[in-house]
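Encoded as structure tokens, the structure appears first; notes follow it.
The values are calculated or read from the model by the stated rules, or taken from the named source; none is laboratory data. These figures come from a predicted structure and were not determined experimentally. Positions of Cβ are generated from backbone atoms using ideal geometry, with glycine treated the same way; all protein chains shown enter the neighbour counts. Heads up: the accessible areas ignore ligands, DNA and RNA and are worked out on the full protein's heavy atoms, side chains in. Shrake-Rupley method; radii C 1.70, N 1.55, O 1.52, S 1.80 Å.
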Amino acid sequence: VLVESLLVFIIVLSVHAVVWDRFSWCTVALAIQAFYVQFKWDRLLQLGGAVFQFRGAANSGLLPASMVIPLLGVVMKERCRAAGIVYFERFGIVVASTGMLLALFLSILAVGITKPVPTNTCIVTGIAGSIIIYTMKHSLTVSEVIEVLEVLLIFVYLSMILLYLLPRCFTPGEALLVLGGVSFVLNQLIKRSLNVIEGRGDPIDFFLLVAVVGVVLLGLFFTVLFIFLDSGTWIASMFFHMMTAVLGLGVIMPWLYRLIQRNPLFWLLQFLFQTHTRLYLLVYWTFLAASACGVVFYQNAKRSSESKKHQASTITRKYFHFIVVATYVPGLIYDRQLLYVAAVLCLAVFIFLEYVRYFRIKPFGQTLRHLLSLFLDERDSGPLILTHIYLLLGMSLPVWLFPRSCAPKGTLPGAGALVPYSGVLAVGVGDTIASVFGSTMGEIKWPGTKKTFEGTMTAIFAQIIAVALILIFDSSVNLNSSYAWILASVSLVSLLEAYTTQIDNLLLPLYLQIMLMA
């Protein structure tokens, strides 16, 4: 925990040294108080006094999770300020302020339920909170303050509902990151729906917002419904499919139509088949999807013939990382907009299939339970299987969060040009190589962990080779001699992978994106 915290502090101080404004000072204050409060959360988890049931075999992860959204906002603000885009500079300030307020709320919650009351932690939290609120008071307009408070309100209600319904699925840090992100997306969708201006905004951005909110609302609806109804019957399954169609065609489609001012299905078909390059990419991705399904079926057939082996090995699970890299790299090089939309569609399908598996919806629910049980690991201790969704999110978030409006030529200068590749580098290459080489050839373990020195060093080396290959094949990437910063960023994130107990598929790409954007 101490080494993980040290690495996060180095990242925070690196960003602070580059940005050096009132918001970067606030991130330093937030990091110090999150470090103190993290130990209170860890103690609550050990004693079972944390109100909700969180994922076991991991620390609270409060410090690494608390810093992600504020740092993303700070570096986005700085990039858009340099590009002279005032609207998105203000948006970055709102993102940073929202992340800080959500992290403070979680900290105050931990301090409030800790007995006896931790005096020193209360003082540190009070000082950090005062600095952050004072900065927000002198930086945000009234409408921006209201927006930040709206996100906090949505987060509180969403946390109470989902953490109660889904025990042992998240650590406190993962809950902050996932539910904070969903709350922000929901608030953005409501805000944009109430202020629709024809022709304003990119349809693919609206597509992401509506898809995320739609699948979350769908899950909440069916979770409440199946409290009163047995979900495993044919009647319940037929009702599930019927209501999915009703909500999709009767709520989500009209909502999207209002935002993009055209028929969503016609727009999507026209978008997908617009060029020959897109057709080739879609055919290629279909082949890779079929290959991934083939791996699942083959491993399950192998399990039935070898009754002693009940779980897939680490190397077997990394097959999917290789397939994901093969999926994302051509999309990033040839058509990032198509990759953006395809990743949104894939996320919606993944979450829908998880609903089918979780609720045992006929005819595929039980089959999915059997097929996916082979690939479970210790992080899937709750009722949901989330690791494959986290893998997709880790690869997609750098593409979705890339500030296109602040990059006039479609790419950022220097190390920022690698931002869309953050997921490929951190998870697709680094995490995969570290896991494969560490488990097969690693002998020297990092103190206090199961990860090996050989795995981490190989991961860093592999990511440097990957950067060189990106430079060769993607002509839009121009690093402008920022090689030392890239090496430092990759090394820090690889060391964080060795020491964190949080979901690395989600955390590592975001930290690498922060460093590259800084």
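Are any of the residues in segment 313-332 loosely packed, with under 13 Cβ neighbours inside 10 Å and either modelled with pLDDT under 90 or under 28 Å from residue 422 (Cβ atoms) (or both)?
Yes, some residue in segment 313-332 is loosely packed, with under 13 Cβ neighbours inside 10 Å and either modelled with pLDDT under 90 or under 28 Å from residue 422 (Cβ atoms) (or both).
Which of the residues that make up segment 219-230 are hydrophobic (A, V, I, L, M, F, W, C) and open to solvent by less than 20 Å² (accessible area, probe 1.4 Å)?
Result: 222, single match.
Kindly establish whether residue 479 is within 24 Å of the chain's Cα centre (by Cα), of a type outside the set (D, E, K, R) and either closer than 26 Å to residue 177 by Cα or surrounded by fewer than 22 Cβ atoms within 10 Å (Cβ to Cβ) (or both).
Here the answer is no, as residue 479 does not meet what is asked.
Could you please let me know if residue 342 is in a helix (DSSP H, G or I) and touching a Gly at 6+ places or on another chain (Cβ under 8 Å)? Show your work before the answer.
Details: in a helix (DSSP H, G or I): yes; touching a Gly at 6+ places or on another chain (Cβ under 8 Å): yes.
When the stated conditions are applied, residue 342 passes them.
Determine, yes or no, whether residue 52 is of a type outside the set (D, E, K, R), over 21 Å from the mean Cα position of the chain (by Cα) and part of a helix (DSSP H, G or I).
Considered against the rule, which asks whether it is of a type outside the set (D, E, K, R), over 21 Å from the mean Cα position of the chain (by Cα) and part of a helix (DSSP H, G or I), residue 52 comes out as no.
What number goes with the only condition from (1) buried (at least 16 other Cβ atoms within 10 Å of the Cβ); (2) in a helix (DSSP H, G or I); (3) touching a helix residue (DSSP H, G or I) at 6+ places or on another chain (Cβ under 8 Å); (4) not polar (S, T, N, Q) that residue 13 does not pass?
(1) is the only condition that residue 13 fails.
How about segment 247-278: which of its residues are farther than 18 Å from residue 190 by Cα, in a helix (DSSP H, G or I) and open to solvent by 80 Å² or more (accessible area, probe 1.4 Å)?
Those that are farther than 18 Å from residue 190 by Cα, in a helix (DSSP H, G or I) and open to solvent by 80 Å² or more (accessible area, probe 1.4 Å): 249, 265, 266, 269, 270, 276.
Sort out which residues of segment 155-214 are open to solvent by less than 20 Å² (accessible area, probe 1.4 Å), within 17 Å of residue 351 (Cβ to Cβ) and not in a helix (DSSP H, G or I), and write them in order of number.
169, 170
Of all the residues that make up segment 33-52, how many are closer than 24 Å to residue 132 by Cα and either small (Gly, Ala, Ser) or surrounded by fewer than 17 Cβ atoms within 10 Å (Cβ to Cβ) (or both)?
Adding up the residues that qualify gives 1.
State all residues of segment 1-54 that are under 21 Å from residue 97 (Cα atoms) and acidic (Asp, Glu); if no residue qualifies, say none.
Hit for segment 1-54 is 21, nothing else.
Condition test on residue 518, is it within 26 Å of residue 70 (Cα to Cα), modelled with pLDDT of 85 or more and crowded, with 20+ Cβ neighbours inside 10 Å?
So residue 518 fits the description; yes.
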